[in-house]
Amino acid sequence: MKKAILLGVILCTGIVFGQGKPPTKPEATEVWSPVPPSVTPSANNQAPSDAIVLFNGANLDAWESVNNGSSAKWIINKDGSFTVKPGAGNIQTKEKFGSVQLHLEWKSPSKIEGDGQNRGNSGVFLQKRYELQVLDNNNNKTYANGQVGSVYKQSIPLAKASVPTGEWNTYDIIFHAPEFDKDGKKIKSGTLTLLHNGILVQDHFKLQGTTEYIGAPKNIAHGNDALELQDHGSGVSYRNIWLRKL
Ligand code: MG
């Protein structure tokens, strides 16, 4: 009798919670829509068909000087790259972005000069506020949360993945922008994922706020903003920069 009651309870619970008969046909768990858009990939990390190309090797028309909004004064090279012009200041995209998938390639100067943070330093700032560090860290010690691949002063990378100094590195970034309510309060943290030369070094890191040189991260409400590259006085080069809006 007790067994019968127990069985009844189990069966009833199963029905109440929708665990009736398990599906027996494969079609029962197939989902046919929405159908994702088609994107044509390209070889050698070149821009896929739906990407916005921010530098294609020819000019810096998509960029401007951060200091005064004039044209970007960094150096265009014959090999389809461009180089920081020390003293010219940071540059930023004219267009503003929210969440993105971003690809870029960078190279430290082959002539090794300076040490610590003064060797091959630059940086990729998402929405002008969140820096992924670019640094020549090869045989060059610095604080771990400021080394190459770090979210500057917030997140030590999971690995050191640089190629030899003077060779091209790739950064593949997934950035989800933070969200703020109408009163300016942060309601969702931004996140950053970074593959450095194909190696995962930032794994969906939850941003604490802006990446400050001095002091704590800040969380002042903002909307879409430019992608910015840092002039830290080193002749770091960039090429093949494109992004996809997420
Ligand atoms: Mg930097």
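Any read-out appearing in this document is the output of simple, stated calculations on the displayed coordinates, not a laboratory observation. What you see is a predicted model; the values in this text were computed from it and never measured. In this analysis, Cβ positions are derived from the backbone assuming ideal geometry, glycine residues included, and neighbour counts consider all displayed protein chains.
What are the pairs with Cβ atoms under 7 angstrom where one residue, in region 215-236, is basic (Lys, Arg) and the other, located anywhere, is part of a loop (DSSP other than H, G, I, E, B) and within 16 Å of the ligand (Cβ to nearest atom)? Sequence gap at least six, or different chains.
What qualifies is LYS218/THR210; LYS218/GLU212.
Among the listed residues VAL39, VAL31, VAL53, which satisfies the condition of being farther than 24 Å from THR170 by Cα and among the aliphatic types (A, V, I, L, M)?
Being farther than 24 Å from THR170 by Cα and among the aliphatic types (A, V, I, L, M) holds for just one of VAL39, VAL31, VAL53, which is VAL31.
Return the total of residues in region 145-164 being aliphatic (A, V, I, L, M) and either in contact with an Asp or Glu (Cβ under 8 Å, 6 or more places away or on another chain) or not in a loop (DSSP other than H, G, I, E, B) (or both).
3
Here's the yes/no breakdown for (1) within 15 Å of LEU126 (Cα to Cα); (2) in a loop (DSSP other than H, G, I, E, B):
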| residue | (1), (2) |
| --- | --- |
| GLY166 | no, yes |
| LYS182 | no, yes |
| HIS204 | yes, no |
| GLN208 | yes, yes |
| GLY215 | no, yes |
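Does ILE187 satisfy the condition of being in a strand (DSSP E or B), under 16 Å from the mean Cα position of the chain (by Cα) and either touching a residue at least 24 places away in the same chain (Cβ under 8 Å) or away from the ligand (no atom under 13 Å from the Cβ) (or both)?
Judged against the criteria, ILE187 is not a match.
For region 114-139, give me each residue that is surrounded by fewer than 19 Cβ atoms within 10 Å (Cβ to Cβ), away from the ligand (no atom under 14 Å from the Cβ) and in contact (Cβ under 8 Å) with a residue 12 or more places away in the chain.
Listed by number, the residues that qualify are ASP115, ASN138.
Of the numbered conditions (1) touching a Ser or Thr at 6+ places or on another chain (Cβ under 6 Å); (2) within 16 Å of the ligand (Cβ to nearest atom); (3) closer than 22 Å to ILE220 by Cα, PRO178 fails exactly one; give the number of that condition.
Condition (2) is where PRO178 drops out.
Tell me, which residue of region 208-244 that is aromatic (Phe, Trp, Tyr) and within 16 Å of the ligand (Cβ to nearest atom) is surrounded by the most Cβ atoms within 10 Å (Cβ to Cβ)?
Only one residue fits best here, namely TYR238.
THR142 versus (1) more than 16 Å from the ligand (Cβ to nearest atom); (2) part of a loop (DSSP other than H, G, I, E, B): which is the lone unmet condition?
Exception for THR142: condition (1).
Is one or more of the residues making up region 93-105 within 17 Å of GLY166 (Cβ to Cβ) and within 15 Å of the ligand (Cβ to nearest atom)?
No, every residue in region 93-105 fails to be within 17 Å of GLY166 (Cβ to Cβ) and within 15 Å of the ligand (Cβ to nearest atom).
For region 86-105, check the following and say yes or no: at least one residue is loosely packed, with under 13 Cβ neighbours inside 10 Å and touching a Gly at 6+ places or on another chain (Cβ under 8 Å).
Yes.
Quick check: is even one residue across region 156-175 closer than 21 Å to ASP225 by Cα, within 14 Å of the ligand (Cβ to nearest atom) and not aliphatic (A, V, I, L, M)?
Looking for residues that are closer than 21 Å to ASP225 by Cα, within 14 Å of the ligand (Cβ to nearest atom) and not aliphatic (A, V, I, L, M), one finds at least one in region 156-175, hence yes.
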